[in-house]
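Accompanying notes for the structure given below.
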Amino acid sequence: MKKIVLYCLACMLLPACIRDNRDDCPDTAAEARFFVTHEHSIEEFDTLIANDVYYQVFQDDMLIDTGMAPYETIKGGGEYVIRDYDSGTYRIVA
């Protein structure tokens, strides 16, 4: 299988609430949104792969989480959202 290219649209840097006084914010967790392609094409992913995508989340080269993006959610270029991480820099591998 050719490699699956995973694009992160937001890199875990989007806080849930932005303002000077964050006391009223529900939490400070961030989320990442990504979509999956094959050879830079959403259509090729849907035609050739058309399957769930397992992913791993790394921070500072340490594996911190694994998960699965269901095909029904990501087909046709649909975004998959990963939530409840602290704001920071992460690497997502599928």
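In region 44-52 there is no residue matching the filter, namely being out of contact with any strand residue (DSSP E or B) (no Cβ under 9 Å at 6 or more places or on another chain), at pLDDT below 85 and not polar (S, T, N, Q). When restricted to residues that are within 12 Å of the chain's Cα centre (by Cα) and in a strand (DSSP E or B), region 64-81 contains 7. The set of residues in region 64-85 that are aliphatic (A, V, I, L, M) and free of Cβ contacts under 8 Å to residues at least 40 places away in the same chain comprises 64, 68, 69, 74. Being under 16 Å from residue 92 (Cβ atoms), modelled with pLDDT of 90 or more and not basic (Lys, Arg) narrows it down to one residue among 55, 71; which is it? Going through 55, 71 in turn, just one is under 16 Å from residue 92 (Cβ atoms), modelled with pLDDT of 90 or more and not basic (Lys, Arg): 55. For region 70-89, a residue qualifies if it is open to solvent by less than 40 Å² (accessible area, probe 1.4 Å) and hydroxyl-bearing (Ser, Thr, Tyr), and exactly one does: 85.
Candidates in region 47-63 are the residues that are assigned to a strand (DSSP E or B) and free of Cβ contacts under 8 Å to residues at least 12 places away in the same chain; of these, the one that is least open to solvent (accessible area, probe 1.4 Å) is 63.
The values are calculated or read from the model by the stated rules, or taken from the named source; none is laboratory data. These numbers were taken from a predicted model, which means no experiment stands behind them. Neighbour counts run over all protein chains shown; Cβ positions are idealised from the backbone, glycine included. For accessibility, only protein heavy atoms count, side chains too; no ligands or nucleic acids. Shrake-Rupley method; radii C 1.70, N 1.55, O 1.52, S 1.80 Å.
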